[in-house]
2 protein chains.
Amino acid sequence: MQLQFTAQHVAEATDYEEIKVGCSMGGLLEVLTRPWTLHILWLLSRNGPMRFGALRRAVEGISARLLTVRLRTLEERGFVERSVRPTNPPEVTYIPTPRLADMNLFMEQLHKLSDKWQAEDVLKHTKPHVS
Amino acid sequence: MQLQFTAQHVAEATDYEEIKVGCSMGGLLEVLTRPWTLHILWLLSRNGPMRFGALRRAVEGISARLLTVRLRTLEERGFVERSVRPTNPPEVTYIPTPRLADMNLFMEQLHKLSDKWQAEDVLKHTKPHVS
DNA sequence: CAGTATCCGCCGGGATACTG
DNA sequence: CAGTATCCCGGCGGATACTG
């Protein structure tokens, strides 16, 4: 949209009450922003299929219980497929779906942006005064 | 890894433990996935500048306290600019920055995806059996 | 209007123990 | 290995009251 906003825009910034968060977007955001969720998706979309244990170790600090809960939700939402090999011991692998591949596109974009912004912030922080 | 930002008195009530991801992405995700944050950004990036009250009404269910906390963080991270007109009553407007405009790009993508996925899910639900 | 200060209830999520 | 069941605590965030 627009990059620059003038004082006029500020003055006009009144009655926006009618605009709400879109329904499908709202539900999606609610799921994606639960703790660890994006981290899990980020790992799976970059690494490809991962076993439960590997995921558990990669997502440092998460408990088994919560990882299970998150993966179940992601499975319901169609972001991962759960593949079980009933061996002994069992081997459960979580496989990214095409839907997750779609998400990977903009997760990479966000990753690039985060690098760019961090670089900007570091510059600003190490050079607080203009000489 | 993470920039130190201090808004002690305000932030201490919402002091999340840092999620370790090992790159700039981690700190960003940690901020963005706090409750309401993406909703706020989504609204601002679509609507342009909004006043505090309008934002409060648009982000249905959020309390004034938490909205303030979130906006402070977003200001520190450079996603919004806070503009105060010391009239009586005061008029405070939150203005999207170029950085938020960058984010808008992939938020729109995510929005499109969310619509697409919802449509898919509805189809799958109304047509459980393939004829 | 746009916050801030204070209190406090609730539940998300960790820890632990156990199973197929 | 990949979970599930249960208990329990900390702190997130809402509610309320107040101010410039």
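Structural remarks
- Using the Karplus relation 6.51 cos²θ - 1.76 cosθ + 1.60 with θ = phi - 60°, the per-residue 3J(HN,Hα) values for segment A:24-29 come to 5, 5, x, x, 5, 4 Hz, with x marking Gly and Pro.
- A simple spin-label model places pseudo-atoms 7 Å from Cα toward Cβ; at residue A:57 and residue A:125 they are separated by 3.1 nm.
- Sorted from shortest to longest, the distances between the residue B:98 label points of this copy and the other copies are 3.9 nm, with each point 7 Å from Cα along the line through the beta carbon.
- Rg(Cα)/(2.2 N^0.38 Å) for segment A:36-115, N = residue count: 1.10
- Across segment B:40-129, the mean sequence separation of Cα contacts (distance under 8 Å, 6 or more residues apart), normalised by length, yields a relative contact order of 29 percent.
- Packing-based exposure ordering (other Cβ within 10 Å, fewest first) of B:24, A:83: A:83, B:24
- 7 Å along Cα→Cβ, label-point gaps from residue A:56 to other copies, nm, shortest first: 4.6
- Charge tally in the Cβ shell below 9 Å around residue A:75, where Lys, Arg are +1 and Asp, Glu are -1, residue A:75 excluded: +1
- Shielding score for B:33-46, defined as the mean number of other chain Cβ atoms within 10 Å: 4
- Inter-copy label distances for residue B:119: 3.7 nm (label point placed 7 Å from Cα along Cα→Cβ; shortest first).
FYI, it's all coordinate maths here, none of it is from the lab. Just so it is clear, the model here is predicted, and its values are computed rather than measured. For neighbour counting, all protein chains shown are included, and Cβ atoms are generated from backbone atoms with ideal geometry for every residue, glycine included.
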